[in-house]
Ligand code: NAD
């Protein structure tokens, strides 16, 4: 199998390339990435053909997609606050970029296209858990770009018979996720701050909830979808229905790091949703072999990764145990 990963130098992309490189059926991996938020270091030591550039560059996509069996489209500016500051940049990268990817897929003879949408499309719809059949209600330009991504996938499936599968990722976290830029996600940001003895900033009272999903679990689902060529134009939630408040997350981080989390509260952010929890029925039915990693285990693995790769410490016993057992199960 020849697979293209757009955004493959990013957090989820780098983890996915690594997971796919271990699959015997995968013969060739190509990455298209403009390195706007990603880093080639995420692909260090992996055998990939790297196409540096923008997903809006049709000629570049034609080269990368030639002979491909599948495309996993992850390239995007992945941030709500960033989309509020520069909605057009988000639109170009995320919506126009998706349309270019689908056009290139059509020209390349119709590889399987899996794409990343987001739980943000549920927006202000208060219903919990978030079932894929609920009305979408985007609250940010970012969410609109992701809804557009889904709509284009569905249109290309129905108009051109393109085999597609859109996933709604929830809050993905884990090793490889950056903590050092203004739009960093909450888990790496708070773990890094806590390890450095600095306070974490909580927007609102901390009772807002999220369905955190470990990146290794996301990669299991994506790999299974690729290898079994799962096709469905209707979006599938990629989260397992857990519901953790930010105050609950703080407790997990205290356990994972062994440090007290210092907190400062500021006002809630525009565009943020109060509660997010997936209905995981469709996901579990389509991918019965994938089991989620518990938040406790995932935050420990993330804290260990931040300590070893960013802060230069040696891994904890629990991480070494996990690495040993992962090796045994290979
Ligand atoms: P990331 O920023 O680490 O990865 C995105 C990658 O896309 C980066 O390597 C970046 O350089 C690349 N990129 C951005 N714009 C590009 C362009 N125009 N052309 C080519 N490459 C481009 O983010 P991530 O967390 O790995 O997110 C991957 C995907 O998952 C994104 O589509 C994001 O919207 C979606 N998603 C992520 C989460 C999450 O919790 N991480 C949640 C919902 C959806």
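Coordinate-derived values only; no laboratory data. Fair warning: this is a prediction, and the values are worked out from it, not measured in the lab. Cβ placement follows ideal geometry from the backbone for every residue including glycine, while neighbour counts extend to all protein chains displayed.
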What is the Å³ per residue value for the convex hull set by the Cα atoms of the chain? 121 Å³
Please report the spacing between the Cα centers of segment 1-52 and segment 113-129 in Å, no decimals. 25 Å
If I model a spin label as a point 7 Å beyond the Cα along the Cα-Cβ vector, how far apart are those points for residue 21 and residue 49 in nm? 1.7 nm
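Write down Rg/Rh for segment 1-83, rounded to two decimals, with Rg from the C-alpha atoms and Rh from the Kirkwood relation over Cα pairs. Mind showing how you got there, number by number?
Values: Rg = 12.2 Å, Rh = 12.7 Å.
So for segment 1-83, dividing Rg by the Kirkwood Rh gives 0.96.
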Contact order relative to length of segment 206-317, as percent, for alpha carbon pairs under 8 angstrom and 6 or more apart: 39 percent
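In what sequence do 98, 244, 300, 201 fall when counting other Cβ within 10 Å, fewest first? Before the final figure, lay out each step's value.
On the way: 98 30, 244 17, 300 20, 201 13.
Result, fewest neighbours first: 201, 244, 300, 98.
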From zero outward in steps of 5 Å, how is the percent of C-alpha pairs of segment 119-220 spread across the bins? 2, 10, 15, 18, 21, 16, 9, 5, 3, 1, 0
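Over the chain, what is the relative contact order in whole percent, taking alpha-carbon pairs under 8 Å and six or more residues apart? The partial results should precede the final answer.
Numbers: 650 pairs, mean separation 53.6, N = 330.
Rounded, it is 16 percent for the chain.
Can you give the Rg/Rh ratio of segment 211-291, where Rg is from the C-alpha atoms and Rh is the Kirkwood radius? It would help to have the intermediate numbers written out before the result.
On the way: Rg = 16.3 Å, Rh = 15.2 Å.
Using only Cα positions, Rg/Rh for segment 211-291 is 1.07.
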Length-normalised contact order of segment 116-251, Cα under 8 Å, at least 6 apart, in percent, tallies to 29 percent
To the nearest 10 degrees, how steeply does helix 141-160 sit against the main Cα axis of the chain, on a 0 to 90 scale? 30 degrees
Any idea how far the Cα center of segment 208-239 sits from the one of segment 71-112, in Å? 18 Å
Semi-axes of segment 128-286's equivalent ellipsoid from the Cα gyration tensor, sqrt of 5 times each eigenvalue, largest first, rounded to whole Å? 32, 17, 14
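Got a sec? How would 146, 262 order by Cβ neighbour count within 10 Å, fewest to most?
Details: 146 30, 262 12.
Ascending Cβ contact count within 10 Å gives the list 262, 146.
Decide, for segment 11-54, between rounded, prolate and oblate: order the square roots of the alpha carbon gyration tensor eigenvalues as a ≥ b ≥ c, take rounded if a/c falls under 1.5, and otherwise choose prolate if a/b is larger than b/c, else oblate.
Values: a/c = 2.25, a/b = 1.65, b/c = 1.36.
Verdict is prolate for segment 11-54.
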Working from Cα positions, state the angle (0 to 90°, nearest 10) between the long axis of helix 97-107 and the longest principal axis of the chain. 30 degrees
A correct fewest-to-most ranking of 62, 211 by other Cβ atoms within 10 Å would be 62, 211
Nearest 500 deg cm²/dmol is fine: what mean residue ellipticity at 222 nm does the chain get from its DSSP H runs of n ≥ 4 alone, each adding -39,500 (n - 2.57), divided by its residue count? -11500 deg cm²/dmol
Based on the mean of other Cβ atoms within 10 Å per residue, sort peptides 155-167, 101-113, 278-290, 9-21 so the most packed one is first. 9-21, 101-113, 155-167, 278-290
Kindly express, to the nearest 10 degrees and within the range 0 to 90, the angle between helix 11-21's C-alpha long axis and the longest C-alpha principal axis of the chain. 60 degrees
So which residue, out of 277, 23, 307, gets the largest mean-square fluctuation from a GNM of the chain using Cα contacts under 10 Å as springs? 23
